[in-house]
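**Student:** Please read through the structure below; I'll follow up with questions.
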């Protein structure tokens with residue numbers, strides 16, 4: 001059951017070990033802006049008579065007022081609770097009655113809503129999405145019950161999941177005063193204090209055409225999308241939404257070590273996260289170098305760390321690394337490992353630090369660079385095959401203040417990357433860092 | 001101004017059938033007698049292959065529970081002349097994606113390749129299926145990986161509840177054992193067991209294949225013989241007996257220290273080939289399988305805020321078709337969720353779905369079919385699934401007509417025939433007390 005799931009886990013939970021969506025795609029999008037400031041991205045794909053329709057708002061958990069964590073995510077849920085035209089609870093039913101599916105997700109920097117549906121129903125979902133951008137209408141009873149739903153969501157996805165609990169604490173220790181320290185779904189005590197007025201003010205403050213990206217992929221032409229967008233979203237006036245400034249976090253002055261255990265932890269895990277540049281804070285080649293470093297260190301069973309820690313030294317069952325650079329603020333680089341029973345996590349930490357230091361000192365080989373580069377470039381063909389998920393990278397990039405070019409020219413940047421670029425990325429990791437250790441409770 | 005939306009709420013009277021596959025599947029038969037369903041599509045220079053052998057984890061020998069899953073993890077860990085690293089490096093270098101998976105009733109595989117590397121990709125697939133090495137190093141490494149996965153799974157209340165429930169309702173039957181194995185079963189598996197599995201399970205008479213992408217029928221025919229022609233014509237898979245689940249209608253507690261209790265519940269359901277199948281899908285959509293359009297989501301989540309996720313769906317296991325559902329609710333209120341689920345179940349049995357619910361369910365079940373066909377691997381998998389259930393290539397094209405032809409009266413009769421709230425059996429993982437739970441349905 002995946003209903004209205006936020007991206008909590010993607011950014012803060014179990015998938016820590018396996019982040020790294022590679023964005024090596026060329027989708028050839030058509031991009032234009034309506035008079036009211038709404039950015040529109042269209043990717044044509046006529047293989048099947050279906051469309052993916054999404055609206056990405058440039059607001060996320062990192063934009064919540066102090067003491068109101070969980071507000072962006074709660075509002076995401078409440079967007080299904082009605083307008084004067086569409087009564088509470090009817091939105092998803094209307095989509096389903098046309099054979100469509102819908103959902104939404106909240107991240108640190110964006111909140112996105114989507115419908116996948118037969119292309120002939122695109123006008124309907126565009127009207128509905130535009131309607132709730134402008135006319136959200138909430139009732140106290142619906143608000144109260146939905147607040148309980150998001151508390152259950154937190155229990156299910158965070159409190160019941162030891163790896164997610166660890167990740168929450170690790171993020172807080174790492175990001176300190178920065179808004180990325182906050183859990184995307186919020187703290188339970190703060191969720192309980194959220195009010196209907198909080199949600200409506202947050203909607204009014206941030207949900208406007210000039211603070212959103214409309215994304216349509218599938219069996220449709222840019223011309224059709226343009227005229228539909230003008231008839232629907234185009235009628236919503238521009239609003240004065242705040243500028244978003246993320247700021248720089250305090251750099252860790254020393255290593256951070258968070259250890260977490262609970263009665264229901266049966267298998268140890270180990271994570272390391274570093275704050276690094278993002279697409280918004282550095283040139284494209286810096287992010288590409290971190291992508292490549294992630295592949296070389298932890299991309300599959302032929303990577304450096306897998307060969308060393310899993311195959312040769314048998315200290316870990318699995319290991320992976322990945323870079324998340326699609327962020328308004330800094331990005332992050334995460335390495336995750338599943339230790340073999342009996343492996344000392346501090347030994348794992350030292351070995352991985354040494355592997356990073358080795359690249360920081362000696363760089364990577366020409367053969368490694370070539371192999372990984374070819375693999376990343378070939379991935380574009382597969383990405384173009386996938387109608388629903390891959391081209392979203394375009395809209396996500398715009399929603400966090402990066403550009404279409406960051407996605408579209410990624411291949412060129414990868415192709416031009418040198419061993420020195422990868423070495424420079426490793427140098428940025430080679431210093432104080434944060435590790436998180438999840439371990440079973442010691443026997444009493 | 002936003003245009004009024006009332007017009008969109010009109011009840012469906014006619015279903016608009018959509019072409020499910022943009023291009024029709026053709027049946028390709030090789031000179032050597034191998035059959036595959038092909039959707040030829042030259043839009044992108046890539047090919048996706050899906051394959052499935054009937055017979056899965058339920059055929060694992062006693063004492064070796066987890067064998068099929070173990071094999072699924074080992075086929076790409078070295079084959080023919082290539083050891084594990086050589087095989088993995090070749091896949092990586094050619095950007096070939098290859099993976100295998102065992103379920104209770106089948107063993108499936110997928111392979112995606114760029115058209116440029118087509119011949120070598122099929123050769124690697126052939127090597128994996130016919131000459132896997134099962135060397136000692138990857139064997140022990142994968143054993144650790146699967147044991148690790150069991151430990152991680154045992155942290156999740158939903159998985160614990162499901163495992164306990166299946167063991168309880170299928171005592172002494174292979175369906176009562178976990179597909180991913182047990183610590184003892186995984187520990188006992190040897191290289192000889194893996195070889196025996198491959199030799200006795202992978203045969204042409206049990207194989208179905210789906211292919212999508214940049215390849216023509218005659219090229220595919222040649223590759224089918226090269227890739228699958230050397231598999232034995234038939235095999236000796238131990239039969240899995242038909243079984244009736246033992247449904248007490250009670251609630252099995254699974255003690256676990258978690259803040260949210262997870263319940264998994266089950267009753268019998270129709271087989272995929274049962275004439276009631278499509279009508280029953282309509283009933284389940286309205287009751288539990290329709291997301292926000294289902295009564296369980298409405299009553300448990302929307303009205304009362306008792307859960308983030310709640311639902312149930314038909315699970316057509318070959319030897320014991322079921323309906324399986326789940327819900328997660330804070331410990332103190334899990335009993336209320338279970339009471340509502342049982343009450344809604346009874347109400348649906350007694351009165352069936354309304355005409356409006358039936359129209360909407362039919363519209364979704366027919367209209368949503370193309371959404372599953374959004375990538376080449378997804379289409380290839382659909383082709384093997386259709387074959388696995390002995391359905392024709394144009395099955396999806398006629399779904400709307402098939403649904404339209406079922407009367408509301410028939411659907412309500414099917415609800416009455418199949419739904420058995422008094423036999424709905426639950427397992428609940430969490431820190432639950434007997435007083436938190438409702439009386440059993442017996």
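**Student:** Cα gyration tensor of the range B:81-172, axes a ≥ b ≥ c as square roots of the eigenvalues: rounded (a/c below 1.5), prolate (a/b > b/c) or oblate?
**Tutor:** prolate
**Student:** On a 0 to 90° scale, report how tilted helix A:419-429 is relative to the longest principal axis of chain A, with both axes built from alpha carbons and the result rounded to the nearest 10.
**Tutor:** The angle comes out near 90 degrees.
**Student:** Over the C-alpha atoms of the range B:219-333, what are the Rg and the largest Cα-to-Cα span, Dmax, in Å?
**Tutor:** When restricted to the Cα atoms of the range B:219-333, Rg and Dmax are 20.4, 62 Å.
**Student:** Okay, moving on. At a 10 Å Cβ-Cβ cut-off, how would you order A:56, B:37, fewest neighbours first?
**Tutor:** By the 10 Å Cβ count, ascending, the order reads B:37, A:56.
**Student:** OK, next. Which ordering of A:261, A:353, B:337 is given by a fewest-first count of other beta-carbon atoms within 10 Å?
**Tutor:** A:261, A:353, B:337
**Student:** Give the Cα extents of chain A along the principal axes, in whole Å, largest first.
**Tutor:** So the three principal-axis extents are 62, 53, 37 Å.
**Student:** Further question on the same structure: Take the alpha carbon atoms of the range A:296-328, find their center, do the same for the range B:249-304, and report the distance between the two centers in whole angstrom.
**Tutor:** Spelled out, the Cα-based centre of one part sits 39 Å from the other.
**Student:** Using a Gaussian network model of chain B with C-alpha springs under 10 Å, which one of B:244, B:303, B:54 is most mobile by mean-square fluctuation?
**Tutor:** Highest fluctuation among the options: B:303.
**Student:** Along Cα→Cβ, 7 Å out, is where each label goes; now give me the distance between the ones at residue B:435 and residue B:397 in nm to one decimal.
**Tutor:** Rounded to a tenth, the inter-label distance reads 6.4 nm.
**Student:** Next up: For the residues B:240, B:264, what sequence is obtained by ranking on other C-beta atoms within 10 Å, fewest first?
**Tutor:** B:240, B:264
**Student:** Grab every C-alpha pair in chain B, bin the distances at 20 angstrom width from 0 up to the longest one, and report whole percents.
**Tutor:** In whole percents, the pair-distance histogram is 23, 52, 25, 1.
**Student:** Calculate how steeply helix A:284-298 sits against the longest principal axis of the alpha-carbon atoms of chain A, using the helix alpha-carbon long axis, and give the answer as 0 to 90 degrees to the nearest 10.
**Tutor:** So the inclination is approximately 50 degrees.
**Student:** While we're here: Could you tell me whether the range A:244-302 comes out rounded, prolate or oblate from its Cα gyration tensor? Rule is a ≥ b ≥ c as square roots of the eigenvalues, rounded for a/c under 1.5, then prolate if a/b exceeds b/c, otherwise oblate.
**Tutor:** Verdict is oblate for the range A:244-302.
**Student:** How are the C-alpha pair distances of the range B:124-181 spread across 10 Å bins, as whole percents from the shortest bin up?
**Tutor:** 20, 32, 28, 20, 0
**Student:** Any chance you could list the semi-axes, whole Å, largest first, of the equivalent ellipsoid that the Cα gyration tensor gives for the range B:139-294, using √(5λ)?
**Tutor:** 34, 26, 18
**Student:** Right, next: May I ask you to compute the full-extension gain from residue A:137 to residue A:307, defined as 0.36 nm times their residue separation minus their alpha-carbon distance, rounded to one decimal in nm?
**Tutor:** 55.6 nm
**Student:** Under 10 Å, Cα contacts only: if you run a Gaussian network model on chain B, which one of B:218, B:203, B:84 comes out with the highest mean-square fluctuation?
**Tutor:** B:218
**Student:** Here's another thing I want to ask about it. Return the single residue from A:210, A:160, A:103 with maximal mean-square fluctuation; model: Gaussian network over chain A, springs between Cα atoms under 10 Å.
**Tutor:** It is A:160.
**Student:** Something else: Which angle from 0 to 90°, rounded to the nearest 10, does the C-alpha axis of helix A:345-362 make with the longest principal axis of chain A?
**Tutor:** Result, in degrees: 90.
**Student:** Counting only other chains, and only Cβ atoms inside 10 Å, what mean value do you get across the residues of A:263-274?
**Tutor:** 3
**Student:** Residue by residue through A:144-154, how many Cβ atoms from other chains fall within 10 Å of the Cβ on average?
**Tutor:** Mean inter-chain Cβ contacts per residue within 10 Å come to 5.
**Student:** Divide by every residue of chain B the summed helix terms, -39500 (n - 2.57) for each DSSP H run of at least 4, and state the resulting mean residue ellipticity at 222 nm, rounded to the nearest 500 deg cm²/dmol.
**Tutor:** -11000 deg cm²/dmol
**Student:** Further, regarding this structure: When the Cα centres of the range A:111-168 and the range B:308-382 are compared, how far apart do they sit, in Å?
**Tutor:** If you average the Cα positions of each part, the centres end up 20 Å apart.
**Student:** One-quarter of the Cα convex hull surface for the range A:256-438, in nm²?
**Tutor:** Result: 11.2 nm².
**Student:** Something else about it: Normalised by the number of residues in the range A:256-438, what is the relative contact order in percent for Cα pairs under 8 Å and 6+ residues apart?
**Tutor:** 37
**Student:** Shape call for the protein assembly as shown from the C-alpha gyration tensor, a ≥ b ≥ c root eigenvalues: rounded (a/c under 1.5), prolate (a/b greater than b/c) or oblate?
**Tutor:** Here the protein assembly as shown falls in the rounded category.
**Student:** I need the P(r) histogram for the range B:251-436: all alpha carbon pairs, bin width 5 Å from 0 out to the longest distance, whole percents.
**Tutor:** 1, 8, 15, 18, 18, 15, 11, 8, 4, 1, 0
**Student:** Over the range B:144-208, what per residue volume does the convex hull of the Cα atoms give, in whole Å³?
**Tutor:** 133
**Student:** For A:156-164, what's the mean count of beta carbons from other chains sitting within 10 Å of each residue's beta carbon?
**Tutor:** Per residue, the average neighbour count from other chains is 5.
**Student:** Here's something else I'd like to know. What whole-number volume per residue, in cubic angstrom, does the convex hull of the C-alpha atoms of the range A:8-235 give?
**Tutor:** 134
**Student:** Just want to confirm a number: the relative contact order over chain B, from Cα pairs under 8 angstrom separated by 6+ residues, in percent.
**Tutor:** Reported relative contact order: 23 percent.
**Student:** Along Cα→Cβ, 7 Å out, is where each label goes; now give me the distance between the ones at residue B:81 and residue A:30 in nm to one decimal.
**Tutor:** Taking the two extended label points, one gets 5.2 nm.
**Student:** Report the relative contact order of chain A, percent, no decimals, based on alpha-carbon pairs under 8 angstrom and at least 6 residues apart.
**Tutor:** Once normalised by length, the contact order is 25 percent.
**Student:** So, one more: For a Förster distance of 60 Å, can you work out the FRET efficiency between the beta-carbons of residue B:236 and residue A:238, rounded to the nearest 0.05?
**Tutor:** Between residue B:236 and residue A:238 the formula returns 0.25.
Coordinate-derived values only; no laboratory data. These numbers were taken from a predicted model, which means no experiment stands behind them. Ideal geometry is used to build each Cβ from the backbone, glycine not excepted, and the neighbour counts take in all protein chains shown.
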